[in-house]
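What follows is a short report on a single structure.
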Amino acid sequence: MSSLFPTESKFIISTDGGSRGNPGPAALGAIVGGKEYGEYLGIMTNNQAEYLALVFALKKAKVLLGKAKAKQTEVEVRMDSELIVKQMNAIYKIEDEKLQPYFMEIWNLRLDFKKVVFKHIPREENKAADQMVNQALDARK
């Protein structure tokens, strides 16, 4: 795994969310501060799981960095969900009312950091976060 701290002022996190069925049993996966996290979420859509993974990761980053350091840190969020990245970058509107509260929570969490950048990456580059999703889902069987 590559370093999650390429510079002192930049913090990289990777997130993924998934559901088996849409809606269906869902989980999140996140790589934050070099640690892997997976958590079962319950029954929801894939997009809801993607958003909750992002909420989880930003909150975890703030805890790991501490409030003062977070304010001085640029965060790069890497996700394979093109929809969520384009919504967070104000390219797409959020038409699904169920996603709007998650968007607002993330919008507010961004204020805890110097800057937050949302970057779309290919699914092949997000395997670690995806693996955490699948482990959390498999553990619930």
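List of remarks:
- Pairs with Cβ under 8 Å, 6+ apart, first in the range 30-42 and more than 17 Å from Glu125 (Cα to Cα), second open to solvent by 40 Å² or more (accessible area, probe 1.4 Å) and in a strand (DSSP E or B): Tyr40/Pro25; Gly42/Pro25
- Residue check for Ala30: closer than 16 Å to Thr15 by Cβ, open to solvent by less than 40 Å² (accessible area, probe 1.4 Å) and outside any helix (DSSP H, G or I): yes
- Pairing each residue of the range 82-97 that is part of a loop (DSSP other than H, G, I, E, B) with any residue that is surrounded by 10 or more Cβ atoms within 10 Å (Cβ to Cβ), provided the two are 6+ apart or on different chains, yields C-beta distances under 7 Å for Asn89/Phe118; Tyr92/Leu83; Tyr92/Lys86; Ile94/Gln87; Ile94/Gln100; Ile94/Phe103; Asp96/Asn47.
- Residue-level check: of (1) open to solvent by 50 Å² or more (accessible area, probe 1.4 Å); (2) closer than 20 Å to Ala27 by Cβ; (3) under 12 Å from the mean Cα position of the chain (by Cα), Phe56 misses just (1).
- All positions within the range 33-51 that are farther than 20 Å from Val117 by Cβ and in a helix (DSSP H, G or I): Asn46, Asn47, Gln48, Ala49
- Residue in the range 11-18 that is in contact with a Pro (Cβ under 9 Å, 6 or more places away or on another chain), of a type in the set (A, V, I, L, M) and modelled with pLDDT of 95 or more present: yes
- Residues being of a type in the set (Ser, Thr, Tyr) and either open to solvent by less than 80 Å² (accessible area, probe 1.4 Å) or closer than 20 Å to Gly18 by Cα (or both) - total across the range 75-123: 2
The values are calculated or read from the model by the stated rules, or taken from the named source; none is laboratory data. Computed from a prediction, not measured in an experiment: that's the story for all the values here. Glycine also receives a Cβ, built like all others from the backbone with ideal geometry; neighbour counts cover every protein chain displayed. What goes into the accessible areas is simple: the full protein's heavy atoms, side chains included, and nothing from ligands, DNA or RNA. Shrake-Rupley method; radii C 1.70, N 1.55, O 1.52, S 1.80 Å.
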